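Bear in mind these aren't lab numbers, they're just calculated from the coordinates by the rules spelled out. The structure displayed is predicted, hence computed values, not measured ones. Here the Cβ positions follow ideal geometry from the backbone for every residue, glycine too, while neighbour counts run over all protein chains shown.
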Ligand SMILES: [Zn+2]
């Protein structure tokens, strides 16, 4: 009587658990500091962010959380966001190309 135990190696995919991070960021318009809760994937991509201080909200960005006060207009935030991008990413002031 054979008593073989078949040991099937389990394909154990790494569970992609996002991690939460509490950070402080300044408003992109006036630099007022807000506490935020950011969610990152295990490889460091920003998934979501929420402002935990009153009076602010997140500005969507693919790379990092950005915040702005609720008192600023969309136009003010857009202008500040463009300025922020040209200051923080030198490649980003070139027109985006399909590549
Ligand atoms: Zn502000």
*asked:* Give me the one-decimal nm value for the distance between modelled label points at residue 64 and residue 21, 7 Å along each residue's Cα-to-Cβ direction.
replied: 0.9 nm
*What value does the range 19-90 have for Rg/Rh, both radii from Cα atoms and Rh as Kirkwood defines it?*
0.96
*What is the distance, in nm, between label points placed 7 Å from the Cα along the Cα-to-Cβ direction at residue 30 and at residue 45?*
3.5 nm
